[in-house]
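Input: a single structure, listed below in structure tokens.
The values are calculated or read from the model by the stated rules, or taken from the named source; none is laboratory data. Bear in mind that the values here come from a model prediction, so they are computed numbers and not experimental data. So basically every Cβ, Gly included, is an ideal-geometry build from the backbone, and we count neighbours across all protein chains shown.
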């Protein structure tokens, strides 16, 4: 469970925050390692403005053994670190990292929904607090979107940016909220289910949760 932090900081924009960032990441990793089968990881930390505007940072786990963190050092939300945003973002990515070393993040829409939902629930399992804003859309008011997700479940040609970042016609963050709420239903319906314990669950096991959500949404539409 070795963790290597790599700061891309030749221009010293992260230097004033480096000790805080390092401590936050190391402590979060130590907590997560008690729950997840974490393998050795490289974490690349860079300054930039391509971040979640509400948070001042962005995490990305593109493949096994690697996490990227982009941090806007002057962003007010980053400096406030409300609800331990940095730690929660890193916990989210650590779950992705553990899943990469199991079944993988996934190529289909259904697999992406499950991976993101599990990672969101793991951040809450590890650190508590409220769900993130991207996890709390009123999904049951979007029956057509749920139906589309079911239709696209097994497709690997979905537009990831449209589903998760709102780059197309779909609402921003709808994929995150779908995944989070779908995983939440699955957790509540089983005994002692946790995001950490489900790190290697196959996405297909949760498909019926989306069908249940569609039935509820269509009932609300009537």
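The table below lists the values:
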quantity	calculated
Which listed residue, of 189, 181, 151, is exposed (fewer than 14 other Cβ atoms within 10 Å of the Cβ) and under 30 Å from residue 38 (Cα atoms)	189
Residue within the range 114-122 that is surrounded by fewer than 22 Cβ atoms within 10 Å (Cβ to Cβ) and not assigned by TED's automatic domain parsing to the domain that holds residue 44 present	no
Failed item in (1) more than 21 Å from residue 160 (Cβ to Cβ); (2) assigned to a helix (DSSP H, G or I), with residue 98 passing the rest	(1)
Matching option when the condition is touching a helix residue (DSSP H, G or I) at 6+ places or on another chain (Cβ under 8 Å) and closer than 28 Å to residue 154 by Cα, among 87, 116	116
Test: residue in the range 154-162 that is surrounded by 14 or more Cβ atoms within 10 Å (Cβ to Cβ), part of a helix (DSSP H, G or I) and in contact (Cβ under 8 Å) with a residue 12 or more places away in the chain	no
In the range 119-129, residue farthest from residue 90 (Cα to Cα) [restricted to those that are touching a helix residue (DSSP H, G or I) at 6+ places or on another chain (Cβ under 7 Å) and modelled with pLDDT of 95 or more]	121
Residue match in the range 192-201 (condition: assigned by TED's automatic domain parsing to the domain that holds residue 124, closer than 16 Å to residue 110 by Cα and loosely packed, with under 14 Cβ neighbours inside 10 Å)	yes
Meets criteria (surrounded by 20 or more Cβ atoms within 10 Å (Cβ to Cβ), over 14 Å from the mean Cα position of the chain (by Cα) and part of a loop (DSSP other than H, G, I, E, B)) for residue 209	no
Selection within the range 40-66 - closer than 15 Å to residue 18 by Cα and assigned to a loop (DSSP other than H, G, I, E, B)	48
Per-region count, the range 139-151, residues modelled with pLDDT of 95 or more and closer than 28 Å to residue 58 by Cβ	4
Which listed residue, of 161, 184, 168, 129, is on the phi > 0 side of the Ramachandran plot and in the same structural domain as residue 201 (by TED's automatic domain parsing)	129
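A quick yes/no check of all residues on (1) assigned to a helix (DSSP H, G or I); (2) touching a residue at least 40 places away in the same chain (Cβ under 8 Å):
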{"position": "68", "(1), (2)": "no, no"}
{"position": "83", "(1), (2)": "yes, yes"}
{"position": "90", "(1), (2)": "yes, yes"}
{"position": "93", "(1), (2)": "yes, no"}
{"position": "103", "(1), (2)": "no, yes"}
{"position": "106", "(1), (2)": "no, yes"}
{"position": "112", "(1), (2)": "yes, yes"}
{"position": "120", "(1), (2)": "yes, yes"}
